[in-house]
Amino acid sequence: MDALTTHLSELGHGLVTTVELTVVTTVGAMLLGIAVATLRIAPVPLLRAIGTAYVEVLQNLPLLALLVLFVFALPTIGISFPLFTSAAIVIAAYEGAYLAEAIRAGINTVGVGQAEAARAIGLTFGQSLRHVILPQGLRAVIQPIGNICIALLMNTSLAAAVGVVELTQAANNVNLLEAQPIAVFTGAGLAYMLLALIIGQVTGLLERRLAIVR
Amino acid sequence: MVSVRGLHKWFGPLHVLKDIDLTVAAGEVVVVVGPSGSGKSTLCRCLNRLETVGQGSVEIDGEPLPAEGRALARLRADVGMVFQSFNLFGHKTVLDNITLGPTRVRRTSRTEARQQAMTLLERVGIADKADHHPAQLSGGQQQRAAIARALAMRPKVLLFDEPTSALDPEMVNEVLDVMVSLAAEGMTMIVVTHEMGFARRAADRVVFMDDGRIIESGTPDDFFAAPRTERARDFLSKILQH
């Protein structure tokens, strides 16, 4: 226990970085997910192909490989970002592909009649998506989106591999000093579990609050 | 108001509309009848381009139907449509269903759109349901809300695609009554229906379709009393027997 209490400030900083990375990445991944899901149902074949290509590429590569590629390969051609930014971009891009598929599944639950009625009152494609299709499609997949957000939280620990000092890296650093892996990593694990429980609670709350009367 | 010339429509190899010519004057109520699969609904859906047109032309108020994009959206705003399965937006209250089009397409202010919506809801007799969600309404009430939603756009013409086919028998009349009063007020209407009573009461003209063609067209009195074609006689004998 001493190992945890004496290094509370390092671990605390790590936890804050993990939370920041999770929040920033979740927002980015959601926006990207909605954009890519929209591409995948667009009336223009080229846009659909772009959406499909995005999902196939990002889903079929390991996140760690993407992180390493982005952080160590891009600078060799002159593109580099701060480490936190790099990790946020890569994780958002990666989780965005998974969110896009969940959102597309949600959109598919909305009946064709809803889109037809939206078009019949003169809404454009974008307007019917925004006011009619997405509000109903997203409600149908709140739970899977929550699951992906939890997976995203866990995946932020991979940022440790490219030098971001988030919770896992902070725990690792503390353990190198104290050599008490059980205490240190159990403590870090409990913190992750707490964060995941919070995401789960928020998901459940949203699902109850936004339920469509049927 | 509506002018259809030489309209053809194919679903793959299936030729569902064959050389349709139809002109509907402003204020006219045209009822389209015919056996199922005769192309009535497809014709109706071609008029606001929910179905693409294979060949031929459709003009609304002198304007050819644009192929896609914003111009098509603008034109659709002027052509109201009432569906067989209501298609009210499930996540919105009845009032919000009605104000969505006016506020987003016509840029009417929210307060004005709400007032207008309440007037329309009173008119169709469900003002007390304004804050309910569609699923909390009966079928007849949902369809009346859908008619109010279409009317809120102040359309030049209203299309009805079998508006009472999904309703329990005791709810059919509450919807038909609204439609009859609209017809009496001079709304231009094209109604695909199996309700021959409505055709008798409210139609200026009955159009009989079979196998993708318009076979016969005339006043309700003439059509029901003395159909000119064998196919129309056959159809009427089947549906009027009981």
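Tally the residues that are among the polar types (S, T, N, Q), closer than 20 Å to A:Thr124 by Cα and open to solvent by 60 Å² or more (accessible area, probe 1.4 Å), restricting the search to region A:29-66. Adding up the residues that qualify gives 0.
Going by the structure shown, is B:Thr219 open to solvent by 50 Å² or more (accessible area, probe 1.4 Å), of a type in the set (Val, Ile, Thr) and out of contact with any helix residue (DSSP H, G or I) (no Cβ under 8 Å at 6 or more places or on another chain)? It is true that B:Thr219 is open to solvent by 50 Å² or more (accessible area, probe 1.4 Å), of a type in the set (Val, Ile, Thr) and out of contact with any helix residue (DSSP H, G or I) (no Cβ under 8 Å at 6 or more places or on another chain). Taken together, the residues in region B:138-148 that are within 13 Å of chain A (Cβ to nearest Cβ) and either open to solvent by less than 10 Å² (accessible area, probe 1.4 Å) or touching a strand residue (DSSP E or B) at 6+ places or on another chain (Cβ under 7 Å) (or both) amount to 5. Against the conditions (1) buried (at least 21 other Cβ atoms within 10 Å of the Cβ); (2) more than 7 Å from chain B (Cβ to nearest Cβ), A:Ile121 satisfies every one except (2). Residues in region B:68-98 that are open to solvent by 30 Å² or more (accessible area, probe 1.4 Å), part of a helix (DSSP H, G or I) and within 9 Å of another protein chain (Cβ to nearest Cβ): B:Gly69, B:Arg70, B:Arg74.
Screening B:Glu162, B:Glu174 for residues that are of a type in the set (D, E, K, R), within 14 Å of chain A (Cβ to nearest Cβ), surrounded by fewer than 22 Cβ atoms within 10 Å (Cβ to Cβ) and more than 28 Å from B:Arg110 (Cα to Cα) leaves exactly one candidate, B:Glu162. Pick from region A:124-144 the residues that are at the interface with chain B (Cβ under 8 Å from one of its Cβ atoms) and farther than 15 Å from A:Pro43 by Cα: which of them is most open to solvent (accessible area, probe 1.4 Å)? By that ranking, first place goes to A:Arg139. Evaluate the following for A:Glu166: is it open to solvent by 20 Å² or more (accessible area, probe 1.4 Å) and away from chain B (no Cβ under 14 Å)? Taking the combined requirement at face value, the residue does not satisfy it. Considering region B:125-137, the residues that are free of Cβ contacts under 8 Å to residues at least 40 places away in the same chain and not in a helix (DSSP H, G or I) include one that is surrounded by the fewest Cβ atoms within 10 Å (Cβ to Cβ), namely B:Asp131. The set of residues in region B:99-124 that are open to solvent by 40 Å² or more (accessible area, probe 1.4 Å), of a type outside the set (D, E, K, R) and part of a helix (DSSP H, G or I) comprises B:Thr111, B:Gln115, B:Met118, B:Thr119. You will find that of A:Gln169, A:Gln201, the residue that is without any contact (Cβ under 8 Å) to a residue 12 or more places away in the chain, in a helix (DSSP H, G or I) and among the polar types (S, T, N, Q) is A:Gln201 and no other.
Exactly one residue among B:Phe198, B:Phe235, B:Phe208 is touching a Pro at 6+ places or on another chain (Cβ under 9 Å), at pLDDT 90 or above, closer than 18 Å to B:Phe160 by Cβ and of a type in the set (Phe, Trp, Tyr), and that residue is B:Phe208. One residue is enough: does region B:99-110 have a residue meeting the conditions within 12 Å of another protein chain (Cβ to nearest Cβ) and of a type in the set (A, V, I, L, M, F, W, C)? Scanning region B:99-110 turns up at least one residue that is within 12 Å of another protein chain (Cβ to nearest Cβ) and of a type in the set (A, V, I, L, M, F, W, C).
The values are calculated or read from the model by the stated rules, or taken from the named source; none is laboratory data. Values in this document were obtained by computation on a predicted structure and should not be read as measured data. In this analysis, Cβ positions are derived from the backbone assuming ideal geometry, glycine residues included, and neighbour counts consider all displayed protein chains. SASA here: full protein model, heavy atoms, side chains in, ligands and nucleic acids out. Shrake-Rupley method; radii C 1.70, N 1.55, O 1.52, S 1.80 Å.
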